[in-house]
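One structure is given here, and the rest of the page talks about it.
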Amino acid sequence: MSDQPPSGPTEPVPPASSGTPADPAPSTPPAAAPAPTPGHADHPVTSGQPTPTDPTMPGQPGYPAVPAQPVDPTLPGHPGLTVPGQPVPTQPGFTAPGQPVPGQPGFAAPGQPGYPAAPSGQSWGAYPGDPAAYPHGSAWPTPGAAYPGDPAAQPHGWAWPAGAGPVPGGAYPGQLPLPGQPYGWHPGADPNDPLVTPPYAGIGGWFARCTGALRRGWRQLLPIMLLTQAVPAAVIGILSVGLAPAGEPVTGPQGAPVLPDGYFGDIFLFYGAVLLAVLLFGPLQAAGWAAGTWVITRQAAGEPAGVGAAFRYGWRRALGLWGWTVVASLLIMVGFCACVLPGIYVIFAIALFGPVYLFERQDPIGRSFGMLHRRLGMVLGRVALVVAVLVAAAVVNGVLEAVSQLTFGVHPMAAPGTAVGAVLVAVLSAVLVTPSYLAQLVGLLVTYAEQRAQDGPVNTARLVAELG
């Protein structure tokens, strides 16, 4: 063996790379590339690069050892750098400089007494995308992807961080629109609920639920309305025809009105009989409204709703609902005595007192006023459609009464033939206006359910449970 140093540079030569060579002089490629050695077939050799067996590569025989390089001890955990004698950051036992060691005095785990509080002005905890929310050793979200809690990853209308007030685009405080739902859609609202119109579904959704309720329950609702609404209307109509005052005021010689004999007695008898009939039939009519509400709500939930069971429920709620009906009627009378417009306003303001009493059983007049004032346009429009149907029914009733007077005279009870004809017309009139009672029942009930959905999450199953 020769005692001369091997040929080549006296200083360690770093391995060649594919980038710009450190030596400005171009290297001379070998005449022929050596054949790959067995076991290194997957490492192709390109021109200008050392072969796997080249003695100039680190780790090959003949390559001089590289002196140990100093490592900056202030960079623990930096990729590829470790402090001699210190644990690796990803291994157990690693403790960052300046941090207390678990098990020693001064160390406090998150959530334990002594753990430092959040900075001043931050009333919420770590948001889902905060590194503090991830346990030690867990993976951070993929670079470039929206981490959980990122405002860019939240639906339109998200307020970050979430506060306690209402979220733009939703009426329920602290809730967000569900993915795939339009802006402003309320979480928890079922767009397919057969009775409760979801918020912002519009007049089309309201009308669709009204017609759906009529299709499902007209067979049960029609006999209920005929018995509890048409029969009282027919009886009151017959009393009005039979007890109408026979004499009419006439004008005297000096222009003063002259009343026929017994006129005030006939007037008191007429109005007294009609008022008594209204009071006696009031509980029956209230039972019919309650029974119809029970049928519509249970059928919407897919539960059985027979006529007999409906009447049993209606009679349990009849007296309470009738009492509030009397109060509502007195308010309407007071409104019309003040002026016509206040009376009309009271009609719209207390229109929902019946469903409020049946479902909530507290403060029906006040709640009905509140629903109108909070969403004036919506409630006013729905109730106006119901009132329009009732006005049309009143016009039909007035036309039939006019025909009866022209046919059978002003006092039809004076002769048996005319009396029978007047009674038949009164019964026909009550039957013809029965569809208006159905429209009133269904329209006001669906309107009430829609207003409940505006106040908070509600569905048909909950309404059935509230009926009791």
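The values are calculated or read from the model by the stated rules, or taken from the named source; none is laboratory data. Model, not experiment: these values are computed from the prediction. Cβ atoms come from the backbone with ideal geometry, glycine included; neighbour counts cover every protein chain shown. Quick note on the areas: whole protein, heavy atoms, side chains included, nothing else; ligands and nucleic acids left out. Shrake-Rupley method; radii C 1.70, N 1.55, O 1.52, S 1.80 Å.
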> Across segment 294-310, what is the number of residues that are part of a helix (DSSP H, G or I) and surrounded by 19 or more Cβ atoms within 10 Å (Cβ to Cβ)?
Replying inline: 8
> Within segment 276-293, is there a residue that is open to solvent by 10 Å² or more (accessible area, probe 1.4 Å), farther than 17 Å from residue 230 by Cβ and aliphatic (A, V, I, L, M)?
Replying inline: yes
>> Just the residues that are farther than 19 Å from residue 380 by Cβ and either crowded, with 16+ Cβ neighbours inside 10 Å or not polar (S, T, N, Q) (or both), please, taken from segment 319-335.
In response: 319, 320, 321, 322, 323, 324, 325, 326, 327, 330, 333, 334
>> Of the conditions (1) of a type in the set (Gly, Ala, Ser); (2) over 35 Å from the mean Cα position of the chain (by Cα); (3) modelled with pLDDT under 90, residue 234 satisfies every one except a single condition; which number is it?
In response: (3)
> Counting only residues that are open to solvent by 70 Å² or more (accessible area, probe 1.4 Å) and not hydrophobic (A, V, I, L, M, F, W, C), how many does segment 190-224 have?
Replying inline: 6
> Does segment 356-373 contain at least one residue that is among the small types (Gly, Ala, Ser), in contact (Cβ under 8 Å) with a residue 40 or more places away in the chain and either closer than 19 Å to residue 324 by Cα or open to solvent by less than 40 Å² (accessible area, probe 1.4 Å) (or both)?
Replying inline: no
>> Any residue at all in segment 338-350 that's in contact (Cβ under 8 Å) with a residue 40 or more places away in the chain and either surrounded by fewer than 18 Cβ atoms within 10 Å (Cβ to Cβ) or in contact with a Phe, Trp or Tyr (Cβ under 7 Å, 6 or more places away or on another chain) (or both)?
In response: yes
> Which ones in segment 416-468 are among the aliphatic types (A, V, I, L, M), assigned to a helix (DSSP H, G or I), under 18 Å from residue 403 (Cα atoms) and open to solvent by less than 50 Å² (accessible area, probe 1.4 Å)?
Replying inline: 419, 422, 423, 425, 426, 430
> Among (1) more than 46 Å from the chain's Cα centre (by Cα); (2) more than 18 Å from residue 226 (Cα to Cα); (3) open to solvent by less than 50 Å² (accessible area, probe 1.4 Å), where does residue 413 come up short?
Replying inline: (3)
> Does residue 442 satisfy being touching a helix residue (DSSP H, G or I) at 6+ places or on another chain (Cβ under 9 Å), of a type outside the set (Lys, Arg) and within 30 Å of residue 376 (Cβ to Cβ)?
Replying inline: yes
